[in-house]
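A short worksheet on the structure shown next.
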Amino acid sequence: MTTKRQWDRVRVEQLAEVIIGHLAPYCERIVVAGSVRRKAEFVGDLELLAIPKTVNTEQAGFFGEVKASEESLLDVEVARLLKMGTFRPRPNKQGHTSVGPLNKLLIWAPAGLPVDLFTTTARNFGMALVVRTGPKDFNVKVMTKLLQLGLRGKAYGGISFPDGQEMDCPNEETVFRALGWPWRPPELRGQ
């Protein structure tokens, strides 16, 4: 059985500044989440949550039709950093790598630091930040309470009503209000 390396949180915060410095120009917003945000003394990785900047693109289809879409500038930059070797893909517990649009498992190669990069939208940022900050037991309480209220929480951000409509969750305070709970600082969420 392999044990996960534990990193001093202060060192990870220093590395986070460097990594965010590389990624911030490609994001509307990027913040530290996870155990670093909860101020744990030792952490296993760095979790980042970002709202990527996008550009509108057009692509000609097979029959000449034009398809409009949005391209994430953050995805383009992460791909560039992977190609340069600054980031390396990191396998999950099943041995598969994930460098998808919502979740990227990476290693910051200069330090060997595991990095989980999650993306969301401005509309869902608050719920995504609650979930990505954790810890797991707190998230279970959040999702259970939402279900008791007839709502559905989503791991990648957002709360939906029974009719499927989405609640705007631009910040954590919105989520706590929906739960009927007072806002709790990240470092107290494990208690």
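The values are calculated or read from the model by the stated rules, or taken from the named source; none is laboratory data. Predicted model, so just to flag it, every value in this text is computed and none were measured. Neighbour counts run over all protein chains shown; Cβ positions are idealised from the backbone, glycine included. Note: accessible area is taken over every heavy atom of the protein model, side chains too, but ligands, DNA and RNA are not part of it. Shrake-Rupley method; radii C 1.70, N 1.55, O 1.52, S 1.80 Å.
Some values worked out for this structure:
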read-out	value
Pick from the stretch 133-145, criterion of a type outside the set (V, I, T) and in contact (Cβ under 8 Å) with a residue 40 or more places away in the chain, ranking: surrounded by the fewest Cβ atoms within 10 Å (Cβ to Cβ)	D137
Inter-residue pairs, beta-carbon under 6 Å, first under 18 Å from T119 (Cβ atoms) and free of Cβ contacts under 8 Å to residues at least 12 places away in the same chain and in the stretch 148-161, second assigned to a strand (DSSP E or B) and of a type in the set (A, V, I, L, M), 6+ apart	none
Test set (1) out of contact with any Leu (no Cβ under 8 Å at 6 or more places or on another chain); (2) more than 18 Å from G180 (Cα to Cα); (3) open to solvent by 20 Å² or more (accessible area, probe 1.4 Å) - V99 fails condition number	(1)
Residue match in the stretch 65-85 (condition: open to solvent by less than 60 Å² (accessible area, probe 1.4 Å), within 16 Å of L23 (Cα to Cα) and not in a helix (DSSP H, G or I))	yes
Hits in the stretch 16-50 (condition: among the hydroxyl-bearing types (S, T, Y) and open to solvent by 30 Å² or more (accessible area, probe 1.4 Å))	Y26
The stretch 94-103, residues that are under 19 Å from G44 (Cβ atoms) and in a strand (DSSP E or B)	T97, N103
Single residue of the stretch 108-123 satisfying the filter (under 15 Å from the mean Cα position of the chain (by Cα) and open to solvent by less than 30 Å² (accessible area, probe 1.4 Å)) that is farthest from D45 (Cα to Cα)	T120
Some residue of the stretch 172-179 being of a type outside the set (S, T, N, Q) and within 30 Å of R88 (Cβ to Cβ)	no
Any hit, the stretch 146-164, residues being open to solvent by 30 Å² or more (accessible area, probe 1.4 Å), among the acidic types (D, E) and modelled with pLDDT under 95	yes
Output for the stretch 19-58, where each listed residue is more than 18 Å from A155 (Cβ to Cβ), modelled with pLDDT of 95 or more, in a strand (DSSP E or B) and of a type in the set (V, I, T)	I30, V32, V43
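Matching residues to (1) in a helix (DSSP H, G or I); (2) over 14 Å from E172 (Cα atoms):
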site	(1), (2)
L105	no, yes
P110	no, yes
V115	no, yes
F118	no, yes
A122	no, no
L129	yes, no
D137	yes, yes
T144	yes, yes
